[in-house]
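Rule-based calculations on the coordinates, nothing more; no lab input. Everything numeric here is computed off the predicted structure, so don't read it as measured data. Using ideal geometry, Cβ is built from the backbone for each residue, glycine included, and neighbour counts are taken over all protein chains shown.
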Amino acid sequence: MQNDDWNGAARDRRSKIANGVSACSDVWATRARLTTLGQGDSFPRMDTELTPEQEMLKKSVRDFADGVIRPRAHELDEKGEFPRAIVKQMAELGLMGVAIPERWGGAGLDALSYVLAMEEISRGCASCGVIMSVNNSLYCDPILKFGTDAQREKWLTPYARGEKLGCYALSEPGSGSDAAAMKTVAKRSGNEWILNGTKNFITNAAEANACVLYAMTTMGVGHKGISGFIVPMDAPGVRIGKVEKKLGIKASSTCSIVLEDARISGDGLIGKEGEGFKVAMATLDGGRIGIAAQALGIARAALEEALQYAGEREAFGGPLNQLQAIQFMLADCATELDAARLLTWRAAWLKDRGVRHSQESAMAKLYASEASSRIANRALQIHGGYGYVKDYAAERHWRDARITEIYEGTSEIQRLVIARGVLKG
Ligand SMILES: Cc1cc2nc3c(=O)[nH]c(=O)nc-3n(C[C@H](O)[C@H](O)[C@H](O)COP(=O)(O)OP(=O)(O)OC[C@H]3O[C@@H](n4cnc5c(N)ncnc54)[C@H](O)[C@@H]3O)c2cc1C
């Protein structure tokens, strides 16, 4: 009965997403075939034609972003204000658990749909994009994949519905890329776990109700000593520490989480003891696809604004867009954006088919994030002096794009993952 209610609510949200949208098509309805290095002819062929449901989702999320998010993006960035009202509306549209099954409160769509929605939301506001991505990929996904039904009921359903917000805590002040060097410890005490340590740079932490958090349960065995936990943010001994002041994505919050003899219930472990590193890395394989999509959204916003500006601004007797130097910049932006999107769609497509996609996610994240920075940089350049001041959004896109090269694994870490796959053949 309860499940039927959830399914009904999720269907309702999905129909809201699709509401009023007629069949639409765009350049992305082009068929293409992509293969993956080393996987040869037996590898399934990717078809990039979107389903009618995906087309509808894309169009309606774009309309929502244009109508509600984009007009507020500048103000949110200026104030560094967490966009509560927008997050609530995103939840009503089913965007806080896009690829989570309806049974667990999600919209029941696929990873490619999630990518489409992430691009549109991030085109409107990169901060809203990361808030959505952390809840979807980093919090909900590991509980869906590795949690028990009891954990899913309590810790997934309200979060996938967007009634509550989740965060993900792997990084620490002394360990980011080298996650296995973490110092946070968790010890069993009767029917509880006691946690001590500090988690650093945690997106959504200040607003979150719960956190998927990693700690050492066995010392001296490297990553095999790490376990994953669901930590309620109001558990005794849990508090928010330093609130970061950032270059970009200013409307999302980034804080440390301090654990001082923090007590959580004995059933807070996700998966088995000692398997936390596996949970964290599998989560990042999916999360990186979301960040690649965030990078696409930022890049598209930057390119669209550069195109508009280049058509309006005059120099040497005509619009900027008649100057070949400007046209070449626009051509490079459009080409890199398309290449980044194809890589991102491929990674999502593999995830949807249950095919291992660590390397492809890393490629998508690496290329899309670096392309996004290059595109935002060119877009700023096309705006000339106006690109450097706050009258136009070009400088915000340039600042926002930069983080996609850092979080959920820096570009150097993505190259390590890709190289490992390439060398393996
Ligand atoms: C705004 C923001 C939001 C974030 N949100 C979250 C979050 O929600 N949850 C979370 O857990 N973390 C989060 N992070 C942390 C983020 O994932 C880390 O900052 C990132 O993984 C890099 O770790 P680090 O900062 O410790 O850098 P380090 O690991 O110290 O790296 C420093 C430099 O060395 C390079 N480097 C390190 N190791 C190697 C290597 N083996 N080979 C080559 N180069 C290497 C890196 O690429 C980088 O250039 C966030 C960070 C920021 C800034």
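Things worth noting here:
- Of the trypsin sites (Lys or Arg not before Pro) found in segment 296-373, those that fall in a DSSP loop while having at most 13 other beta-carbon atoms within 10 Å are Arg353, Arg356.
- DSSP-assigned coil residues among trypsin sites (Lys or Arg not before Pro) in segment 182-226, each with at most 10 further Cβ atoms within 10 Å: none
- Sparsely packed loop sites in segment 70-122 (the GluC sites (Glu not before Pro) outside DSSP H, G, I, E and B with at most 14 other Cβ atoms within 10 Å) comprise Glu81.
- For segment 327-336, the Karplus equation 6.51 cos²θ - 1.76 cosθ + 1.60, evaluated at θ = phi - 60°, returns couplings of 4, 5, 5, 5, 5, 5, 4, 5, 5, 5 Hz by residue, with Gly and Pro reported as x.
- Cα-derived Rg over Rh, computed across the chain with Rh taken as Kirkwood radius: 0.97
- Set against the 2.2 N^0.38 Å expectation for a compact globular protein, segment 294-412 has a Cα radius of gyration ratio of 1.16.
- Highest-MSF residue in the chain out of Arg161, Arg415, Arg396 [GNM, Cα springs under 10 Å]: Arg415
- Proximal lysines to Lys246, defined as alpha-carbon separation beneath 27 angstrom and excluding residues fewer than eight positions away on the same chain: Lys79, Lys88, Lys164, Lys183, Lys199, Lys365, Lys390
- Hits among aspartates and glutamates - C-alpha to C-alpha of Lys272 under 16 Å, sequence gap 8 or more where chains match: Asp149, Glu192
- GNM result for the chain, Cα springs below 10 Å: residue of Pro101, Pro236, Pro142 fluctuating most strongly: Pro236
- All aspartates and glutamates inside 13 Å of Lys351 as judged from Cα atoms, apart from same-chain residues fewer than 8 positions distant: Asp110, Asp141, Asp285, Glu360
- Helical mean residue ellipticity (222 nm; -39500 (n - 2.57) per DSSP H run of 4+; nearest 500) of the chain: -15000 deg cm²/dmol
- Euclidean distance of C-alpha centroids, segment 138-204 and segment 352-423, integer Å: 26 Å
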